[in-house]
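Undergrad: Sharing a structure with you now.
The values are calculated or read from the model by the stated rules, or taken from the named source; none is laboratory data. Everything quoted here is computed from the prediction, not taken from an experiment. When we count neighbours, we look across all protein chains shown, and the Cβ atoms used for this are built from the backbone with ideal geometry, even at glycine. Protein only, heavy atoms only, side chains kept; ligands, DNA and RNA dropped before computing areas. Shrake-Rupley method; radii C 1.70, N 1.55, O 1.52, S 1.80 Å.
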Amino acid sequence: GRMLADRRRTIPGSLEMKSNARQKINPYIVDVKDGEKAFHFASDKFRTSEPQVAKTRAKRTWSEVTLEAVWYNSVIVLALVAWAALILIELFLFPSLEGVEYWMRLGLDAFFVAELLFRLIITDWPDEWSAGNVKYYVLDAILLFAAIAVEIAKMFPDTISLRTDLIVQLSVYFARILIRLLVAYIGLTKGARRLVGGRKRRFQKDGFDLDLTYIEPQLIAMGLPSVDFEGLYRNPLREIVRFFNTRHTNKYHIYNLCEERDYPEDGFKGLVRRYGFDDHNPPPLSLLVRLCDEASGFIRKNRENIVAIHCKGGKGRTGVVTAAILLKLHSDWYAEKALLKFAVMRTDDDVKASKRVGVDGPSQRRYVEYWEKIRHLDPKLVLERLSQRGPRCKFQRLSLFNINVTHNFLAGQARGLAADSKLDEKLLGWTLMVSNYWYDLKSRKEEKKTYIFKAELSGSGFDIRRDGVSFDIKSWEKKSTKLSLTGDVRFQVYPINVGENPKVKPFCEFWVHTTFLSKSGQLVLRKTDLDQVFRNPKIDNEFNVQLSYDAPMDTWDELSIGQARTRCSSDPFDVA
């Protein structure tokens, strides 16, 4: 413990990444260029020399942001609607207003010309050419000047026949409207994707604009590939397919961590792997072992191989697995360092250290620390130990202390109601849900079993703020004995009767693995160690949960199975 604390103190107090003012290069940015060799840098934050390439992209200017802004494109759409309305008024409704309408339309034409010149000046034409959008911009310009030509032709009705050709006029007008709406749609979708992506670093090169980041040259973190309407504001599936099949043809594996989401995988030629688990939660440790063993083996096999990790937003679950793979590839790294590397790389340059996109969930971070302890061991031995053959732990009691809010408030918050909402008495109660996950050696997948317990409340004068809440954890099979489990255990505490409202959110929860519980027989978790509640400002900072158990006969000790240790070099290609 002292050694771990000492090495963690080597992390600088300020995590704010400093860019090189002269070259405007952030040494943490990874943007792999085709045909370009990687160079090495020695970072003052990460002491290991790592392969990195290319420069950071320049900070977006206000003009580039404007083209993607909702307000800007909304103004354009309103101007187009007004332009179309004036055309209909002249041709079909009030010909007598032709003079007024005519000058108003010329004013809108002048506005559109100015807007076109503005776009011509600030658009990144190489990227737009790669994205295939230039043809729409050129067609928009042609149709705009064609519409202006129609307006000029009306000034010479006796010499130019276009004046009397209604079909030509309408074709030019409304073709121009449709194309300009398409250009506005392109800008809006870019802005929407950036808005949904938030502070995450995007890949913007070769016509791509994706929620995708190179954490290392062979390791990518990204958001969910999406189809239909969701593709308008997330990573479009067709663009993700084009990205991997053009930049990393047949030399990539994509790992989908979404338990709740799926997408067509045909375009990826069978290179998508499914390792799904619940959002905002860590993966079962056996799943993490299998995934990291497969992914790291693929990376070591060839320097051109790429591993891409994604969940829904490309943050929590993606960060856990990415950090675990980093620990597998770098034997001298530790959990906090790998998590920090992910946060720095996944976050855009102009974001403060305190607002980085990283792994926040206490249980997720705890499982990365678990993985740090066993990453060097033989995966087959680890999986056997994580199965039902592993050490069992007999749980006794779970208690909650220092709850400084009322039961009614917590119950209402769990159901998404206001704090002063009145609840049916039959809903009020405390429920503990215990879910046990273990690896089945025969089926080679994770199994699950769930137990539900009711709290022990002490009479009518019971006050949770004074007395706390306690659960007596007994075996379902033998009520007189304690609940004996092995593997991953998830504890969820509900301030309500779950049977009456199965969709209620837990007040707090946490994950542990039985083989990492200490010999002391008691685990104390504070507010900052508990999922759900660690960000709740209404809960007192002294709130804590105490778990009592009979310690297993043997906890995980690397020294006791040191013969199974396998060599994992800091160079992922040195596998001798």
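Undergrad: Check off (1) among the aromatic types (Phe, Trp, Tyr); (2) at pLDDT 70 or above; (3) in a loop (DSSP other than H, G, I, E, B) for residue 462 and give me the number that stays unchecked.
TA: Looking at each condition in turn, residue 462 falls short on (2).
Undergrad: So, one more: Using the structure shown, decide if residue 163 is at pLDDT below 75, surrounded by fewer than 18 Cβ atoms within 10 Å (Cβ to Cβ), part of a helix (DSSP H, G or I) and not hydrophobic (A, V, I, L, M, F, W, C).
TA: yes
Undergrad: If you don't mind, there's one more thing I want to ask. Tell me the residue from 267, 319, 276, 313 that is assigned to a loop (DSSP other than H, G, I, E, B) and either under 19 Å from the mean Cα position of the chain (by Cα) or not aromatic (Phe, Trp, Tyr) (or both), please.
TA: Result: 313 is the single residue among 267, 319, 276, 313 that is assigned to a loop (DSSP other than H, G, I, E, B) and either under 19 Å from the mean Cα position of the chain (by Cα) or not aromatic (Phe, Trp, Tyr) (or both).
Undergrad: Output yes when any residue across the stretch 139-156 is β-branched (Val, Ile, Thr), within 23 Å of residue 178 (Cα to Cα), modelled with pLDDT under 80 and not in a helix (DSSP H, G or I), and no when none is.
TA: Looking through the stretch 139-156, none of the residues is β-branched (Val, Ile, Thr), within 23 Å of residue 178 (Cα to Cα), modelled with pLDDT under 80 and not in a helix (DSSP H, G or I).
Undergrad: Separate question: Sort through 203, 174, 229, 208 and tell me the only one that's over 18 Å from the mean Cα position of the chain (by Cα), open to solvent by less than 30 Å² (accessible area, probe 1.4 Å) and among the aromatic types (Phe, Trp, Tyr).
TA: Matching residue, one of 203, 174, 229, 208: 208.
Undergrad: Sort out which residues of the stretch 317-333 are among the charged types (D, E, K, R) and closer than 17 Å to residue 257 by Cβ, and write them in order of number.
TA: Selection gives 317, 328.
Undergrad: Give the residues of the stretch 272-291 that are open to solvent by 30 Å² or more (accessible area, probe 1.4 Å) and without any contact (Cβ under 8 Å) to a residue 24 or more places away in the chain, sorted by residue number.
TA: 273, 274, 278
Undergrad: Another question, if that's okay. Quick one: residue 300 ticks every box in (1) out of contact with any Phe, Trp or Tyr (no Cβ under 8 Å at 6 or more places or on another chain); (2) in a helix (DSSP H, G or I); (3) of a type outside the set (S, T, N, Q); (4) surrounded by fewer than 23 Cβ atoms within 10 Å (Cβ to Cβ) except a single one, so which number is it?
TA: (1)
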